[in-house]
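Just below is one structure, and these are the notes that go with it.
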Amino acid sequence: MIELSKKISTIVGKTNAEYGLIKEGDRVLVGFSGGKDSLTLIHALNRIKKVAPFNFDFKAVTVTYGMGEQVQFLSNHCAEHGIEHEIIDTQIFELAGEKIRKNSSFCSFFSRMRRGYIYTAAQEQGYNKIALGHHLDDAMESFFMNFFYNGTMRTMPPKYTAENGLEVIRPLIFCRERQLRAFADSNEINVIGDEACPGLRFDVKMPHARASTKDLLAKLEEENPKIFVSMKAAFSNIQLSTFFYKENEEIIESIEEDNIV
Ligand SMILES: Nc1ncnc2c1ncn2[C@@H]1O[C@H](COP(=O)(O)OP(=O)(O)OP(=O)(O)O)[C@@H](O)[C@H]1O
């Protein structure tokens, strides 16, 4: 029996209601890497499905990269908990060797390709939403990585519409990473580690940026335990007119997925 903390259930329920993530009749394809985040996500959605006053369907999907990954245990886990699951086997690893763009990190290549396979599966099978397991620490790290290294201020929204019309939702976006880790630990579930992005075996650029951003935020949080509360509030209190825009300059509102790190 899986125990999902009241805290996670409450946060996910509230996020779902406030941002209109999952509604009556939705068909949601959930990216399930087998890591602690997407593992929590499938169980959180399973719980919502049981208690929510609306009906929706969801299926977990795991993309493999053609690197000999063993993911059958994820199908077994889903079957045990009555969650539909599909494994999409790909040759992304082989393609990476030929197609990787100069200066583009392996991780972003893998993630772009993976997203492509998930979108295609959703469109072919009639799913209208894609759910991903990003959490608040991811959103903050992504923001500061973009801020420090990419010269842009952007992060990960709870919900957006991709160019192909599919809605991408992040039901865990207000959960802290440590809550998700605690979920996996307390239920003694075998998870795939954080090095799940196979690109990490080769890439030296982004992991360094991510690791140092993570360290920085951890240090700042030690000094100011409320820092994530403030940063979260700041993300819905953006005062655009105080930035450095020139007259008539257009404010970019579109989501260019490639630039999300
Ligand atoms: N191989 C995969 N197959 C399907 N979905 C995936 C896969 N890898 C990642 N995802 C989805 O993309 C999200 C973000 O991926 P990323 O690699 O940044 O995750 P992560 O922070 O390691 O999370 P997780 O603990 O879920 O692996 C995951 O939470 C999951 O929803």
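Brief remarks follow.
- Placing R0 at 30 angstrom, the Cβ-Cβ distance between Phe148 and Tyr19 gives a FRET efficiency of 0.65 after rounding to 0.05.
- Of all segments of the chain bounded by trypsin sites (Lys or Arg not before Pro) found in a DSSP loop with no more than 10 other C-beta atoms within 10 Å, the longest spans 103-225.
- With 21 Å as the limit, the listed pairs Lys14/Lys49; Lys36/Lys214; Lys6/Lys129 have Lys6/Lys129 beyond it between alpha carbons.
- Gaussian network model of the chain, Cα within-10 Å springs - most flexible of Asn146, Asn46, Asn237: Asn237
- Computed label-point distance, nm, for sites Ala218 and Glu84 using a 7 Å Cα→Cβ extension: 4.0 nm
- Calculated FRET value between Phe73 and Arg27, using beta carbons and R₀ = 35 Å, to 0.05: 0.85
- Fewest-first sequence of Leu95, Leu217, Leu21, Leu29 by Cβ atoms within 10 Å of each Cβ: Leu95, Leu217, Leu21, Leu29
- Test item: Cα-centred dipole of region 38-177, Lys/Arg +1 and Asp/Glu -1 on Cβ, debye: 420 debye
- Taking 0.36 nm per residue of separation and subtracting the current Cα-Cα distance, fully stretching the chain between Lys7 and Glu188 would add 63.3 nm.
- Among Met67, Met1, the order by Cβ neighbours within 10 angstrom, fewest to most, reads Met1, Met67.
- Net dipole in debye of the chain [+1 Lys, Arg Cβ; -1 Asp, Glu Cβ; about Cα centre; nearest 20]: 440 debye
- In a DSSP loop and with at most 10 other Cβ atoms within 10 Å, the GluC sites (Glu not before Pro) in region 20-99 are Glu24.
- Most mobile of His208, His77, His134 in a GNM of the chain (Cα contacts under 10 Å): His208
- Residue with peak Gaussian network fluctuation, the chain [Cα springs, cutoff 10 Å], from Ala162, Ala17, Ala131: Ala17
- Its relative contact order, with pairs defined as Cα atoms under 8 Å and 6+ residues apart, puts the chain at 24 percent.
- Of the chymotrypsin sites (Phe, Trp or Tyr not before Pro) found in region 23-126, the ones in coil according to DSSP and having at most 14 other Cβ atoms within 10 Å of their Cβ are Phe54.
- Lys/Arg +1, Asp/Glu -1 at C-beta; region 6-236 dipole; positive extreme among Leu217, Val71, Asn164: Leu217
Every number in this text was worked out from the coordinates using simple rules, so none of it is lab data. Treat the numbers as computed from the prediction; the structure is a model and nothing was measured. Neighbour counts run over all protein chains shown; Cβ positions are idealised from the backbone, glycine included.
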